[in-house]
Amino acid sequence: MTQTEQRRRAGRRLFLAVPLVAMVLLFGVPWWTLVWSGPEWSAPVLVAGSAVFAVGVVAFPVLMYLGHRRDGRDWAARIADTTLGVVWVLFAWTVLSTVLRVALALAGVGNPDRSRIVAVAVVAVTVVLVAWGVTEAMRVPRVRAVDVRIPRLGPGLDGTKVVVLADTHFGPLNRTRWSTATAEAVNRLAPDIVCHAGDIADGTVAARRSQAAPLGTIRARLARVYVTGNHEYFGEAQNWLDHMASLGWQPLHNRSVVVSRGGSDLVLAGIDDVTARSSGLEGHGADLTEALSGVAPDLPVLLVAHQPRQVVQAAAAGVDLQVSGHTHGGQIWPFHYLVRVDQPSVHGLSRHGATQLYTSRGAGFWGPPLRIFAPSEITLLTLRR
């Protein structure tokens, strides 16, 4: 066996081992802590609790496969995604319950009472957080208003209102009414520019057409622009670019446009997602040089790029402001700690050299219909000199 073949086999084993270990931890830690070890539940409770976790660990990967393959079934995705959200919250708070366990031990509370108190507390917290998380995920996003000072901005553009939408993730749950209400909320802001920063949907245009339709009702005085996110490349990115164009948006597929107001100009540039090049889709791949070709060097540039980490290229090119999404602000606490490993920003305004980056928490959600300590947002950026 050659070294190349050995590396490929090792890579395949790792690819299979990572989700397997994750499954064992996500389901096994709560089961061990809450059901099996310590509480000394009666036999019926022990059997019922173990059965719930056993069914979950067997059914979950099957439902994920059925729901998230290219021709996935929405009903399976809804069950799998909800299960993932619930078990993540349960896992996180089971781990955190160690603090309560230690406190009870120091207070002299012994087992099985100590373990039963911990188990009941974890389940209660999980129920409350899941209920709250669903409410937060399904609500129309709140408006988050931020002033951004751009030194090169011309006087005619001072006060320009830029609305950023990101991560609408139209998916297995039919959110047409939510989409309509979100579009109305954007219109009430009377924006000059609206940017959709990618991850418009999970699925094909045909499957998500009705949910995306309200985007065609969004109004902007100067421009409506859109770039692809990584989730477009799981399906049909080019079709989404074409569909957004049919709704009246300008797809910034490694290109730029210039908008003017009061005698001042602003460059709106956009690039494909980081994952575009590896998708194999011809003509796709983030190319900031191409997007900025022909742009006058003295004009301020607002770049729309799905992932915050694309700010490295933006800063090198002298971009004034980049707007991004992708992170969802972590979506379900404490997942934002893992997001921070991969991205330079999780949410909000940050500076990277001379380039500013605004990272939106996003309007929708991916997978679990939950948002816990990571509220959705419609971002209103007011550009100031």
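Here are the numbers:
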quantity	calculated
Computed P(r) (all Cα pairs; segment 3-137; 10 Å bins; percent)	11, 33, 31, 17, 7, 1
Using alpha-carbon coordinates, inclination of helix 3-31 to the longest axis of the chain, degrees	60 degrees
Cβ crowding within 10 Å averaged over residues, with 48-56, 23-31, 326-334 ranked highest first	326-334, 23-31, 48-56
Mean Cα-pair separation over length for segment 271-385, i.e. relative contact order, pairs under 8 Å, 6 or more apart, %	21 percent
Farthest positive-ward along the chain dipole, Cα basis, beta-carbon charges - from 216, 205, 47	47
Using a Förster distance of 45 Å, the FRET efficiency for residue 295-residue 24 (Cβ separation, nearest 0.05)	0.30
Over 21 Å [Cα-Cα, segment 172-254], rounded percent	23 percent
Cα long-axis angle, helix 113-138 against the chain (0 to 90 degrees, to the nearest 10)	30 degrees
Phi to ³J(HN,Hα) by Karplus 6.51 cos²θ - 1.76 cosθ + 1.60 over segment 182-188, Hz, x for Gly, Pro	5, 4, 5, 5, 5, 5, 5
FRET efficiency for residue 213 and residue 146, using Cβ-Cβ distance with R0 set to 35 Å, rounded to 0.05	0.75
Top of 275, 168, 98 by mean-square fluctuation, Gaussian network on the chain, Cα under 10 Å	98
Bridge type composition, the chain - antiparallel percent by DSSP, nearest 5	35 percent
Fully extended contour minus Cα-Cα distance, from residue 206 to residue 36, at 0.36 nm per residue	56.5 nm
Segments 378-385, 70-77 sorted - mean Cβ within 10 Å per residue, highest first	378-385, 70-77
Sorted by Cβ density within 10 Å, fewest first, the residues 352, 196	352, 196
Amide H contacts under 5 Å for residue 384, placed H, 5+ residues apart	148, 149, 150, 159
Helix-only CD estimate at 222 nm, as mean residue ellipticity for the chain, using -39500 (n - 2.57) per DSSP H run (n ≥ 4)	-14000 deg cm²/dmol
Degrees, to the nearest 10: 43-68 long Cα axis against longest axis of the chain	30 degrees
Mean separation of Cα contacts under 8 Å, 6 or more apart, over the residue count of the chain: relative contact order %	19 percent
Cα shape, segment 63-222, gyration tensor, a/c 1.5 rule	oblate
Potential lengthening between residue 124 and residue 338 on full extension [0.36 nm per residue; Cα-Cα distance subtracted]	74.5 nm
Separation between Cα centres of segment 334-381 and segment 19-78, rounded to whole Å	29 Å
Column: log10 I(q)/I(0), Debye, Cα scatterers of the chain, q = 0.07, 0.11 Å⁻¹	-0.38, -0.83
Modelled FRET efficiency - R0 41 Å, residue 131 with residue 247, Cβ distances, 0.05 increments	0.75
For segment 175-243 versus segment 262-328, the gap between their alpha-carbon centres in whole angstrom	18 Å
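Each reported figure results from applying straightforward, stated rules to the coordinates on display, with no laboratory input. These numbers come from a predicted model, not from an experiment. Note that we place each Cβ from the backbone using ideal geometry, even for glycine, and neighbour counts take in every protein chain shown.
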